[in-house]
4 protein chains.
Amino acid sequence: MSELRQQLVEAIRILAGAGFIDHSGHGSVRRDAESFYINSGASVRGALTEDDIVTIDLQGELLEGAARPPLEFHIHSEIYRVRPDVRAVLHLHPQWSTLLTMTGAKYRPVYAQGTLLGDVPVLDSPLSVNTKVMGEKLASTLGDGRAVLLKSHGAVTVGAYLLEAFALAAYLEENAHRQYMAMQIGDPYVFSEVEQHACREHLWSASLFRKTWDHYRSKL
Amino acid sequence: MSELRQQLVEAIRILAGAGFIDHSGHGSVRRDAESFYINSGASVRGALTEDDIVTIDLQGELLEGAARPPLEFHIHSEIYRVRPDVRAVLHLHPQWSTLLTMTGAKYRPVYAQGTLLGDVPVLDSPLSVNTKVMGEKLASTLGDGRAVLLKSHGAVTVGAYLLEAFALAAYLEENAHRQYMAMQIGDPYVFSEVEQHACREHLWSASLFRKTWDHYRSKL
Amino acid sequence: MSELRQQLVEAIRILAGAGFIDHSGHGSVRRDAESFYINSGASVRGALTEDDIVTIDLQGELLEGAARPPLEFHIHSEIYRVRPDVRAVLHLHPQWSTLLTMTGAKYRPVYAQGTLLGDVPVLDSPLSVNTKVMGEKLASTLGDGRAVLLKSHGAVTVGAYLLEAFALAAYLEENAHRQYMAMQIGDPYVFSEVEQHACREHLWSASLFRKTWDHYRSKL
Amino acid sequence: MSELRQQLVEAIRILAGAGFIDHSGHGSVRRDAESFYINSGASVRGALTEDDIVTIDLQGELLEGAARPPLEFHIHSEIYRVRPDVRAVLHLHPQWSTLLTMTGAKYRPVYAQGTLLGDVPVLDSPLSVNTKVMGEKLASTLGDGRAVLLKSHGAVTVGAYLLEAFALAAYLEENAHRQYMAMQIGDPYVFSEVEQHACREHLWSASLFRKTWDHYRSKL
């Protein structure tokens with residue numbers, strides 16, 4: 001269990017170093033059907049330690065640790081409630097993905113790894129997801145997908161394990177970055193259905209996710 | 001008193017590290033009704049020490065320290081004169097906020113924390129605020145607000161204490177950054193009055209300002 | 001031989017540091033008519049060591065080393081097969097060159113060193129070059145050129161020796177960067193045929209390639 | 001004399017660190033009416049030492065040192081020949097200033113320090129200034145000014161002493177950066193003649209140039 005928490009600490013530090021989360025943003029890993037690990041609301045993301053990780057249940061009640069969970073813990077609890085396949089959730093404030101939502105531009109796969117996200121729906125509210133109702137709305141918008149964007153606010157990725165959610169977060173933002181940049185000089189080429197399918201067949205693998213993790217970690 | 005000065009030193013170093021101030025720019029903290037601490041004009045912002053902080057009165061007369069105050073001390077003195085609620089003033093040269101003023105684009109809340117600034121007026125002169133008359137004009141443009149932009153020049157934020165002015169500076173620039181970037185690919189969504197109100201209710205807190213400070217400090 | 005491998009390690013680390021390759025991307029140096037050195041598929045590019053270099057033949061069979069070559073080794077093998085003059089191949093994922101291909105903008109020489117690339121054709125598929133057929137198509141698109149772009153994917157440069165391929169990679173991306181940036185505010189000036197010729201006469205030299213290498217290495 | 005050379009070394013390292021010069025670019029300081037110090041052509045700009053400085057006369061003949069001067073020494077010699085007031089010359093490859101020349105956009109004072117450059121003419125050739133004739137043409141384009149841009153190539157600033165030329169280089173590029181960025185979202189406000197005059201009266205001072213130098217040095 002300590003290993004999961006330690007990896008969560010590392011993920012959040014890497015995401016802070018990469019600028020995918022800022023002074024807020026949070027990540028969680030499922031402990032069991034009814035509880036999960038998450039960094040505390042007050043924790044300094046770029047200097048996180050295992051002491052900043054708390055364990056809470058799906059109602060946000062503190063099971064382990066002394067600090068308070070983030071006010072937006074509902075993002076995590078409501079997804080865990082309806083998605084038994086999900087064991088890791090990341091809530092990011094990534095600049096490029098968010099710029100797309102600010103102007104109503106839809107996320108499009110313009111880069112091989114970006115096809116791994118599938119369709120990326122948008123939650124149509126810029127407000128904090130700090131109530132159960134908002135959390136349910138977010139989980140419903142996500143559906144059985146891998147990522148959801150929050151208008152003018154941020155993004156959420158989920159995975160069967162932490163490295164999967166991490167790699168998807170990296171690909172989401174990298175794809176959004178390329179899409180945004182290309183939009184400034186023209187219309188970016190969108191991968192065809194056949195190409196998207198080929199990329200997913202070829203790229204979806206634990207070893208690629210691990211390599212992506214290692215790459216970002218090497219830049220810390 | 002030394003503690004206030006030490007925090008002021010840290011604030012200016014963090015702002016220099018973040019690129020919010022460059023070879024000039026200054027910050028002050030009120031000492032009492034008639035005097036305040038401020039970094040000297042010649043000080044190297046990114047390598048500031050407590051020896052670079054001087055104490056001056058509202059006429060710019062040196063009360064403590066050996067170095068000269070910045071020529072634009074009027075920004076601080078004229079605001080302190082008419083705003084007894086203000087205990088900290090920051091004068092920044094932030095790139096994104098300034099780009100908006102260069103083209104006449106109005107600051108709009110496009111990001112949750114950006115709503116905390118309220119209306120942000122613009123001083124319609126690109127010249128240095130190095131006379132009492134210019135300082136009065138700036139203070140008058142600020143009114144009872146939290147921030148004012150200086151056309152093609154920079155920005156000023158104020159706070160009831162230093163961390164508040166610091167966090168507002170960070171949010172001002174972050175919001176301007178997003179607004180500028182989104183303007184390149186479309187029209188950024190502007191928070192509705194209801195959303196702005198909800199954000200202010202939810203976000204205005206000393207703990208968020210402290211977290212913002214800690215986040216920026218961790219990147220130094 | 002160890003010297004060639006060591007230089008290859010250094011090249012890939014520099015390219016990773018400069019952001020020209022990311023968690024994937026690879027470089028190779030020819031060993032002889034039938035084999036070459038290349039970094040393994042799983043290697044962490046920014047932290048590469050000589051142990052990450054393997055030797056393979058033109059069919060991708062491992063001759064030396066324990067790790068697997070990258071799936072896209074066909075880029076290298078098919079070029080070595082038809083281009084006896086080529087002794088080094090780099091496959092990059094450079095952002096600016098790729099943005100041009102995403103929008104169909106043709107690479108144009110807009111900067112002195114950028115003329116050294118000559119015409120830069122584009123492979124019209126965003127898919128991974130992970131089969132012999134795709135490798136042949138890539139080598140055929142390259143022809144007798146010095147560089148080829150891969151639509152929405154990346155770039156390949158070749159050289160008579162590693163430092164030449166490295167310098168060409170740097171110039172390709174630097175030229176693409178300038179071209180992209182200038183396109184945002186107007187139409188960049190394209191060097192005339194006479195100017196292109198003068199630049200090539202003047203600039204093509206091992207000493208310039210070495211200086212470029214030294215410059216990038218000094219930034220690591 | 002060693003002090004002048006040491007300061008020149010420091011200037012070039014700071015300029016390389018700031019990205020104003022890349023693998024080429026050079027700076028010089030006048031020794032007397034007929035000779036000057038300059039970094040050698042092969043020197044690695046970001047890791048320069050005093051051994052990389054050579055002394056040459058206005059014909060490019062080596063007077064002191066072992067390495068060869070840069071091929072573009074004519075930039076320096078032809079300016080020194082006709083401008084006895086100039087004691088320092090910097091040849092930069094700065095990205096923002098160069099982007100303006102690539103698209104034919106004229107340099108405009110859009111920022112207080114940017115007014116200190118005065119009119120900035122453009123040499124209408126992207127080719128290397130590697131002959132006496134080209135050097136004469138450059139010096140003639142500069143006239144009695146403080147800076148000249150080289151189309152799609154770079155910039156030259158001059159000063160009565162090195163820190164002046166350095167500060168002007170920084171202001172030139174900073175102004176060009178702001179002008180370029182503002183052009184992406186509108187028309188940047190250009191300082192009026194009265195405002196330009198006020199800025200020059202107020203800002204032109206050795207102490208500001210020193211502060212600018214100290215600021216950039218602190219970022220190395």
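Laboratory data are not the source of any read-out in this text; all were calculated from the coordinates shown. Since we're looking at a predicted model, the values are computed, not measured. Here the Cβ positions follow ideal geometry from the backbone for every residue, glycine too, while neighbour counts run over all protein chains shown.
Values computed for the structure shown
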item	result
Ranked D:Thr103, A:Thr115, criterion: other C-beta atoms within 10 Å, fewest first	D:Thr103, A:Thr115
Cα centroid of region C:70-88 to Cα centroid of region D:15-92, whole Å	42 Å
Residue-by-residue Karplus 3J(HN,Hα) for region C:104-119, coefficients 6.51, -1.76, 1.60, Hz, glycine and proline x	x, 6, 7, 5, 10, x, 10, 7, 3, 5, x, 6, 5, 6, x, 5
For A:Ala167, net neighbour charge (Lys/Arg +1, Asp/Glu -1) across residues whose Cβ lies under 15 Å away	+1
Other copies of C:Leu63: label-to-label distances in nm, shortest first, labels 7 Å along the beta-carbon direction	5.7, 5.7, 8.0
Normalised convex hull volume, region B:161-201, alpha-carbon set, Å³ per residue	60 Å³
Helix-only mean residue ellipticity at 222 nm for chain C, each DSSP H run of n ≥ 4 adding -39500 (n - 2.57), per residue, nearest 500	-13000 deg cm²/dmol
Over region B:1-103: Rg over Rh, Cα atoms, Kirkwood Rh	0.96
Rg over Rh, two decimals, region D:49-147 (C-alpha only, Kirkwood Rh)	0.99
Compactness index (Cα Rg / 2.2 N^0.38 Å), region C:148-220	1.24
Relative contact order %, chain B, counting alpha carbon pairs below 8 Å whose residues are six or more apart	20 percent
Nearest-first distances (nm) between copies at B:Ala47, label 7 Å from Cα via Cβ	2.4, 2.4, 3.3
Taking D:Ser97, D:Ser2 and counting other C-beta atoms within 10 Å, the order from fewest to most	D:Ser2, D:Ser97
For D:Ser35, net neighbour charge (Lys/Arg +1, Asp/Glu -1) across residues whose Cβ lies under 11 Å away	-3
Estimated D of region C:85-204 in µm² per second, where Rh is the Kirkwood radius over Cα pairs and Stokes-Einstein applies at 25 °C, 0.890 mPa s	170 µm²/s
Per-residue average of Cβ from other chains inside 10 Å of D:184-192	6
Residue-averaged beta-carbon neighbours from other chains (10 angstrom radius) around D:100-110	4
For q = 0.13 Å⁻¹, Debye-computed log10 I/I(0) when each Cα of chain A counts as one equal scatterer	-0.68
Protection-proxy order for peptides C:178-185, D:130-137, each taking the mean of Cβ atoms within 10 Å per residue, highest first	C:178-185, D:130-137
Per-residue average of Cβ from other chains inside 10 Å of D:6-16	0
Most mobile of D:Tyr80, D:Tyr161, D:Tyr37 in a GNM of chain D (Cα contacts under 10 Å)	D:Tyr161
Packing-based ranking, highest mean first, of D:197-205, D:104-112 given that Cβ atoms within 10 Å are counted	D:104-112, D:197-205
Sequence-separation-based contact order of region B:131-207, relative, with Cα cut under 8 Å and 6+ spacing, percent	14 percent
Dimensionless Rg over Rh [region C:90-155; C-alpha; Kirkwood]	0.95
Per-residue Cβ neighbour rank within 10 angstrom, fewest leading, C:Phe191, A:Phe73	C:Phe191, A:Phe73
Those aspartates and glutamates that a straight Cα-Cα span of less than 12 Å connects to A:Lys151, excepting residues fewer than 8 apart in one chain	A:Asp124
Kirkwood hydrodynamic radius (C-alpha pairs) into Stokes-Einstein, region A:22-67, 25 °C and 0.890 mPa s, D in µm²/s	228 µm²/s
Where rotation carries A onto B, the chain A residue whose Cβ is nearest that axis, in whole Å	A:Gln184, 4
Calculated P(r) of the protein assembly as shown - Cα pairs past 35 Å, %	55 percent
